[in-house]
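Taken together, the values in this text are just the output of simple stated rules run on the coordinates, not laboratory data. As the structure is a prediction and not an experimental result, all values here were calculated from the model. Cβ: placed from backbone, ideal geometry, glycine included. Neighbour counts: every protein chain shown.
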Amino acid sequence: MRPDFNRAIRIDFQGAKITSDLGFLLVRGIDERFQIIGPRQDGLEDLRSPSHTKHSLVQMVRQRVYQMVAGYEDCHDADYLRIDPALRLAIAKDQQVGASQSRLSRLENDVLGNAGGLEALDDAMTRGTDTRLRRKNTKRLIIDLDSTEDPAHGKQKGVAYNGHFAQNCFHPLFCFSSEGDCLRAKLRPGNVHAAAGALVIRPMVERYRAWFTLFWFRGDAAFAKPETYEYCEEQRLTSFIRLPANENLAKLVAPHLGRPVGRPPKSGIQVKIVDLCYQAKSWSRPRRVVAKSEWHRGELFPRIGFVVTSSRLPAGKVTKVYNGRGMWKTGSRKARTPCIGTRPVASGSRLTRPGCRWEFWPTISST
């Protein structure tokens, strides 16, 4: 068997030198086919002297990402993986060993870990997503924004107790397309509000404005803030945002809470969806709110949810569109597997290495 990216490589099962991580070659094949990592070196500045360089920047980035995809998150793993034949072939170092732990640590801290490096890496990573979005050839981009927890230990800068998750953690923010492409991942301190930095979508909207004619934004109740609505309206983004229940909304929906007539469906859930016009005190004007009440078999009171939207779709379609946002959480759960995020190594008072690893997340989700 021969991988497509290098037909000189032949895989057999005759013994001799054996690797338990043959998946490195599969990852390289995916990387080559979709140009996930290769184009990204253009946006990263390598300040090293070429005459004293044994490993190119793209080779080290590949080695770091491939290790994380394979579950080897810690840089220390590089000291024994660098001689692995599959990894050496995958990063085009078949005649030499890969980079050591110290070199990869310098890559994260000195080349990529500063503010300029993180910005360049973020821009470079986004270009890989651009290729996949172009191939889909759709007129609409759906942006899902949400946060999650990244449990952490030690005295790292940014680690704090989060009452919602009841643990010490970072509180990263994720931005996904509806198809699961990670558009951006931003590492934040553990004690920030879930919606802090929500306007991270601003540069993405500007970037993709020429490619898409329609933009839909979906977010949970944490993003139900006037500034979010106003930004979406100014930039012509159709928003679907869950609205927390309150006393005034309860009064508005009360006349519509009669149990639907007729025999309940096999699922045992009867649903009623209505349109409301609502204006909170902090809002500059009234907005459309869709209320959905569900009557579950054996329960005395209905379950009620609200979605504030600028869409003109029928009420039933609005709730269906909003409910589709749950797909992103599958991707965010992967970020908390051993691939990335579960063991950020303390590096004094700096947030460079954990921050750098979260900038790698769009690449890891791609592979």
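Charging the Cβ of each Asp and Glu at -1 and of each Lys and Arg at +1, and nothing else, the dipole of region 202-287 about its Cα centre rounds to 360 debye. Using a simple spin-label model with pseudo-atoms 7 Å out from Cα toward Cβ, Q101 and A166 lie 3.5 nm apart. With 19 Å as the limit on Cα-Cα distance, the pairs of K292/K317; K186/K320; K186/K317 that go past it are K186/K320; K186/K317. Rounded to the nearest 20, the Cβ-based charge dipole of region 23-111 about its Cα centre (Lys and Arg +1, Asp and Glu -1) stands at 240 debye. When only alpha carbons are used to place a centre, region 145-218 and region 223-301 end up 25 Å from one another.
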